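Below: one structure, written as structure tokens.
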Amino acid sequence: MKHLILAVLCSVAISVLLRLSEKRAEHRMVLFTSNYIVDVLLSLFFLLLENRLSIEVSHIDVGFGIVSGIMYLVSFVLLQYNIEKNGVVLAATFMKLGVLIPIIFSIFVFGELPGTYQKIGFVIALIAILFIYVEKQEQRSNAKMWLAFLLIAGGFTDVWAKVYEELGQESHMNVYLLCTFMAATFVSLGCAVIKRERPSWNDIAWGAAVGVPNYLATRFLLLALQEIDAIIVFPVYNVGTIFIVGMVGVFFFKEQLTKQKWLGYILVIVAILLLNV
């Protein structure tokens, strides 16, 4: 259980650190590059501890790692943008709502039929999205559209991991993560060069700070899955992250949620619990 709790806390730390870095780190791509360099170093460190550096790397590891790395970066950029425009509460909520995408993918591609609870959770999730998106006294904001993009990007990142789980080898998971983070590093570095971002110590420091929980959240989640059934791990991980980030956003960052958004927020928690049953 300790690994599951640590995974939740690390997932929360990612959103909180990105929120704190808004006015402290000027160049976002430099921050992301620093973040992924730390992830690469940590991946190499744990591979070294496991004496796995000599493992054979397959084309699947590299190919899937490159695509996954690009998806990770896109999701991170969208998460950061949504935290700035829509607040950390809604950004974290829609990131976790991305679980809808792999469920739909599993139904149509792998033929995995959802159970009764998942069907109910799916409907509740759609209702929750409508509650958050549509408010009588609020003008339609273009910033809200980016929440949908975040949901889709996060969902397809999970889909890609699901496809790798089907085609790749379980013993190569750490190598796959290393390839993922290396690809994300090169892409974010290229974007930083194209945008002519000049790195500052603040950019590098905040990126490194985000990189530690970013890697550990994945690692602790994998360890938790080895100890506890997935039916317990995923609901606790997703709902725990949403709930804690929500409380931090409201009480620490003083983010305001209308009654309708509060209802949508609560419905999301219920939906994710049902979707993971």
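The values are calculated or read from the model by the stated rules, or taken from the named source; none is laboratory data. Note that this is a predicted model, so its numbers are computed, not measured. Because the Cβ atoms are built from the backbone with ideal geometry, glycine has one as well, and the counts that use them run over all protein chains shown. Accessible surface is based on the protein model in full, side chains and every heavy atom, while ligands, DNA and RNA are left aside. Shrake-Rupley method; radii C 1.70, N 1.55, O 1.52, S 1.80 Å.
Cβ-Cβ distances below 7 Å connect the following pairs, each with a first residue in the stretch 9-36 that is charged (D, E, K, R), a second residue that is not in a helix (DSSP H, G or I), and a separation of six or more residues or different chains: ARG19/PHE253; GLU26/SER200. With respect to the conditions (1) free of Cβ contacts under 8 Å to residues at least 60 places away in the same chain; (2) under 17 Å from the mean Cα position of the chain (by Cα); (3) closer than 25 Å to SER21 by Cα, LYS144 falls short on a single one, namely (2). Criterion applied to ILE124, ILE103, ILE83 was being outside any loop (DSSP other than H, G, I, E, B), more than 21 Å from the chain's Cα centre (by Cα) and among the β-branched types (Val, Ile, Thr), and the one residue passing it is ILE124. So, VAL245, is that one closer than 21 Å to GLY98 by Cα, open to solvent by 60 Å² or more (accessible area, probe 1.4 Å) and among the aliphatic types (A, V, I, L, M) or not? Criteria not met by VAL245. Scanning the stretch 200-223 turns up no residue that is within 13 Å of MET1 (Cα to Cα), free of Cβ contacts under 8 Å to residues at least 40 places away in the same chain and assigned to a helix (DSSP H, G or I). Cβ-Cβ contacts under 7 Å between residues 6 or more apart (or on different chains), taken from a first residue in the stretch 248-263 that is part of a loop (DSSP other than H, G, I, E, B) to a second residue that is of a type in the set (Ser, Thr, Tyr), are listed as LEU257/TYR265. Being part of a helix (DSSP H, G or I) and open to solvent by 50 Å² or more (accessible area, probe 1.4 Å) is a property that LEU273 has.
Taking only the stretch 1-26 into account, find how many residues are open to solvent by less than 40 Å² (accessible area, probe 1.4 Å) and either farther than 17 Å from PHE253 by Cα or in a helix (DSSP H, G or I) (or both). Don't jump to the end; show me each part of the working.
Pass one, the stretch 1-26, residues open to solvent by less than 40 Å² (accessible area, probe 1.4 Å): 3-4, 7-8, 10-18, 21, 25.
Now narrow it down to the ones that are either farther than 17 Å from PHE253 by Cα or in a helix (DSSP H, G or I) (or both): 3-4, 7-8, 10-18, 25.
Residues in the stretch 1-26 being open to solvent by less than 40 Å² (accessible area, probe 1.4 Å) and either farther than 17 Å from PHE253 by Cα or in a helix (DSSP H, G or I) (or both): 14 in total.
Quick test of your reading of the structure: ASP61 fulfils all but one of (1) farther than 29 Å from ALA125 by Cβ; (2) in a loop (DSSP other than H, G, I, E, B); (3) charged (D, E, K, R). Name the failing condition by number. All conditions are met except number (2).
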